[in-house]
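In what follows, a single structure is set out as structure tokens and then discussed.
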Amino acid sequence: MADLDSEFAFLAASVRRSVDLLRGYPAKDEISISERGSALVAHIEYVLTGLDAKLAEAEASFPAAARVERQEYIKRARLLNGFARFMHKSLPWMAEAARSPLALGALYFIDELAVRICGAKPDAVPNSANEYSTEWWPFQRLFATLGLPDQAGPIPIILNFPIPEAQSHLLLPLYGHELGHTTVWSNHLAQAVIDVHGKDLTFSREFNAARDASATQLGITQREAGLNIAWRLSRWVTELLCDQLAVQALGPSFLYAFCSFLLSDAWDEHGERHPPTAIRVSHLLSYLDDSKWTDTIETRTPVLLKWLRDDVAATAPKATDEATKFLSYAMGQVETTVKGEVETQLGDGTFDPADFTDAITVIEDLTDFDTLPVQLPSGDAIDRRAIMLAAWFSVLAGADNAASLASAPSDEESQAFFAKAIEMSALLAEWKAVS
Amino acid sequence: MSLLRKEDLQAAMDPATPMSERLVVTPMLDPDVQIGPATIDLRLSSDFLLTRRAEGSGIDPANDDRRAVERTQERFTVPLGEAFWLHPRQFALGATLEFIRMPPHLGAYVVGRSSWGRIGLIVATAIMVQPGYHGALTLELVNEGETPIALYPGLRVAQLAVHRLTDKTGSPYEAKAKYVSPIGPEATKLAWDAQEVNKMKQLRRALSQL
């Protein structure tokens with residue numbers, strides 16, 4: 001007969017050790033000094049409190065429980081162990097919240113972008129990883145099992161970035177897309193877009209036809225096929241919304257960063273979660289055309305713009321299955337709705353080409369003399385988004401071609417210079433706001 | 001050469017002055033406080049360089065490895081609101097928060113502020129700022145006092161005394177210079193002088209053959 005007492009005691013001690021490791025992690029204490037990571041720590045503590053309560057409840061009931069119930073408590077203790085170990089993924093996040101490898105200019109840029117895109121100030125924590133990706137309320141999925149209600153307060157957002165790109169400041173606009181995921185989720189934007197088109201008879205008819213054909217093609221039920229297409233439609237629309245949030249908030253620097261980083265993958269491939277890059281570039285260019293950015297880009301990088309328009313965006317994606325054919329059709333249908341939803345979401349947070357035109361004269365007046373572009377003649381800070389776009393134009397000046405777009409983030413000296421300008425400009429803006 | 005007074009400094013920094021002639025000190029967070037009767041107060045930046053003693057054997061100007069010193073130095077950032085503690089007899093490199101651009105007709109000296117000097121803080125030993133220089137100024141921070149000093153980024157620790165040259169120099173500090181557009185503290189580039197040590201060695205050999 002198994003010694004259930006020992007097994008339960010072992011598991012309970014193991015949960016406590018995992019919880020103590022999290023609670024006693026030195027970086028956690030450093031975070032209380034600064035603001036970055038404080039919502040993350042509150043989120044972790046909230047879940048740990050739930051874990052504590054569940055464990056205490058099991059420990060109180062276990063001694064008097066019948067054998068069958070005891071086995072259930074042991075299962076529960078194993079589950080709590082799994083939760084506690086899962087939460088250890090937050091250890092590197094806390095370490096980087098306390099001591100980020102990113103330059104201050106990069107952190108300030110991300111913080112400002114987070115407020116612009118997410119509305120209320122979230123707790124954005126960049127984290128060294130192997131790709132650009134994101135998660136928010138990272139332990140929310142444990143709430144239901146632990147019996148915890150949803151948490152209020154600033155949203156902790158983990159922004160993963162590839163370690164080799166830590167100093168690639170020209171790629172900072174990519175965080176705009178990643179931050180967009182939290183906004184799309186918290187405001188149900190993808191569903192709002194799909195709901196608009198769900199009322200369109202032609203759109204619904206196309207969906208139903210794709211569902212039926214896909215069911216036949218894959219040998220699955222119509223319901224399964226419909227759920228699969230709906231799930232992918234939601235993911236693809238989410239990606240378009242995130243792209244749109246970034247490009248409307250930042251202007252052409254998002255186009256450059258996006259293409260510099262993503263075009264190394266095939267741009268006509270259909271992903272489960274992502275529409276083909278060609279479609280995404282086409283939507284970005286369409287927005288920049290509509291919002292009168294094109295003249296600015298065309299003046300500075302005409303060759304690159306032509307390449308993106310004629311060779312990248314115009315590459316017809318080759319959908320072979322019925323579901324993907326529908327999704328490709330749907331991307332064209334939702335384009336205007338996506339733009340509109342994002343405009344409403346950002347309000348006056350979009351970056352206007354007229355604002356850039358005013359700033360670039362000052363920026364270039366200063367950089368022509370190797371001087372940090374921080375301050376306008378009025379004494380006010382130069383818009384950080386204008387500095388970012390000026391950085392792209394500076395690096396691409398005299399190198400208006402596709403290869404230079406890929407190699408631009410290797411220019412360490414220029415990027416460090418413009419990141420310092422962003423840091424100082426953000427500091428000046430906040431100084432004036434506080435004063 | 002004459003020391004610029006407040007009115008001259010304001011005129012030299014006026015955005016209406018052409019860039020080729022303009023003195024730039026940016027960002028100027030609080031001009032009313034920072035521009036004094038004959039100096040401009042400069043703030044401490046968040047960037048510091050400290051020597052990793054365990055990783056260097058010493059600094060020899062005859063060693064022409066230009067990265068040797070950099071490899072023994074650790075660059076780190078102190079966020080606003082947090083302190084960098086400088087202990088008695090400790091040496092660290094810091095930088096001005098402000099980026100400076102000197103036009104070709106102006107030179108300057110960076111010196112400490114008296115409030116800090118009175119507790120033993122030295123902020124600069126190589127104090128001359130050449131006409132044509134552009135960049136943050138590296139500060140050689142030493143605590144000559146008896147107690148550790150908390151240095152907070154953003155505080156005014158130094159001041160810039162600007163002088164008008166007798167005339168615009170025809171050879172301003174430019175791209176061939178050692179320190180070009182630095183945006184934070186820069187490690188020494190003494191290795192660039194290794195050739196001079198070699199010349200001295202050649203000279204000694206030549207003299208011994210006389």
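The values are calculated or read from the model by the stated rules, or taken from the named source; none is laboratory data. Quantities reported herein were computed from a predicted structural model and do not represent experimental measurements. When we count neighbours, we look across all protein chains shown, and the Cβ atoms used for this are built from the backbone with ideal geometry, even at glycine. The accessibility values were calculated without ligands, DNA or RNA, using every heavy atom of the protein model including side chains. Shrake-Rupley method; radii C 1.70, N 1.55, O 1.52, S 1.80 Å.
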So what is the relative contact order for region A:339-435, in percent, with contacts set as C-alpha pairs under 8 Å and at least six apart?
-> 28
Gyration tensor verdict on chain B (Cα atoms; rounded if a/c is under 1.5, prolate if a/b is larger than b/c, oblate otherwise) | oblate
List the residues of region A:359-408 whose accessible area drops by at least 10 Å² when all protein chains are present, compared with their chain alone, using a 1.4 Å probe and counting only protein heavy atoms.
-> A:D365, A:L366, A:F369, A:D370, A:T371, A:L372, A:V374, A:Q375, A:P377
For region A:358-364, in order, what is each residue's ³J(HN,Hα) by Karplus, 6.51 cos²θ - 1.76 cosθ + 1.60 with θ = phi - 60°, in whole Hz (x at glycine and Pro)?
-> 5, 6, 5, 4, 5, 4, 6
So how far apart, in nm, are the two label points at B:K189 and A:I163 if each is 7 Å from Cα heading toward Cβ?
-> 3.2
Taking the Cα atoms of region A:188-349, what is the range of coordinates along each of the three principal axes, in descending order and whole Å?
-> 53, 33, 23
Simple label model, 7 Å out from Cα along Cβ direction - A:Q140 to B:I119, nm | 4.6
Contour minus end-to-end for A:D212 and A:E69, with contour as 0.36 nm per residue of separation and end-to-end as the Cα-Cα distance?
-> 46.7 nm
Cβ-defined net charge surrounding A:E69, 11 Å radius [Lys, Arg +1; Asp, Glu -1] = +3
Among A:T299, A:I194, A:T216, the residue whose Cα sits farthest towards the positive end of the charge dipole of region A:188-349 (+1 at Cβ of Lys and Arg, -1 at Cβ of Asp and Glu, taken about the Cα centre) is A:T216
For region A:280-375, what Kirkwood radius comes out of the mean inverse Cα-Cα distance, in Å?
-> 16.2
If you roll a 1.4 Å probe over the protein assembly as shown with all protein chains in place, what percent of the accessible area is carbon or sulfur?
-> 53
Dipole in debye (nearest 20) - chain A, about Cα centre, beta carbon charges: Lys, Arg +1; Asp, Glu -1 | 1580
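Work out the length of the dipole vector of region A:1-89 about its Cα centre, built from +1 on the beta-carbon of each Lys and Arg and -1 on the beta-carbon of each Asp and Glu, and round it to the nearest 20 debye.
In debye, rounded to 20, region A:1-89 gives about 300.
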In degrees rounded to 10, the 0-90 angle between helix A:104-118 Cα long axis and the longest Cα principal axis of chain A is 80
For chain A, what is the calculated [θ] at 222 nm in deg cm²/dmol (nearest 500), taking -39500 (n - 2.57) for each run of four or more DSSP H residues and dividing by its residue count?
-> -21500 deg cm²/dmol
Cα gyration tensor of region A:353-434, axes a ≥ b ≥ c as square roots of the eigenvalues: rounded (a/c below 1.5), prolate (a/b > b/c) or oblate?
-> prolate
With every protein chain left in place, what is the accessible area of A:I155 in Å² (1.4 Å probe, nearest 10)?
-> 40
Would you mind telling me which residue in A:P164, A:P149, A:P138 has the biggest mean-square fluctuation in a Gaussian network model of chain A, where springs connect alpha carbons within a distance under 10 angstrom?
-> A:P149
Taking 7 Å along the Cα-to-C-beta vector as the label spot, tell me the A:R78-B:A16 distance in nanometres, rounded to one decimal.
-> 8.2
For region B:61-80, which residues drop by 10 square angstrom or more in accessible area between the chain on its own and all protein chains together (1.4 Å probe)?
-> B:T77, B:P79, B:L80
Using only protein heavy atoms and a 1.4 angstrom probe, determine the accessible area buried between A and B, summed over both sides, in Å² to the nearest 100.
-> 2000
Highest GNM mean-square fluctuation among A:E335, A:E57, A:E298, for chain A with Cα springs under 10 Å, belongs to A:E57
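Within 10 Å of each candidate Cβ there may be at most 16 other Cβ atoms; applying that plus a DSSP loop requirement, which trypsin sites (Lys or Arg not before Pro) in region A:285-379 survive?
On the way: sites: A:K292, A:R300, A:K306, A:R309, A:K318, A:K325, A:K339; in loops: A:K292, A:K318.
Sparse-neighbourhood loop trypsin sites (Lys or Arg not before Pro): A:K292, A:K318.
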With the charge dipole of chain A built from beta-carbon charges (+1 for Lys and Arg, -1 for Asp and Glu) about the Cα centre, the Cα from A:T145, A:Q167, A:P63 projecting farthest to the positive end belongs to A:P63
Å² of accessible area per residue within chain A, as computed with a 1.4 Å probe and no ligands counted | 43
Cα principal axis extents for the protein assembly as shown, largest first, Å | 98, 67, 59
Estimated [θ] at 222 nm from DSSP helical runs (n ≥ 4, -39500 (n - 2.57)) normalised by residues in chain B, nearest 500 | -4000 deg cm²/dmol
In degrees from 0 to 90, rounded to the nearest 10, what is the angle of the helix A:38-61 Cα long axis to the longest principal axis of chain A?
-> 10
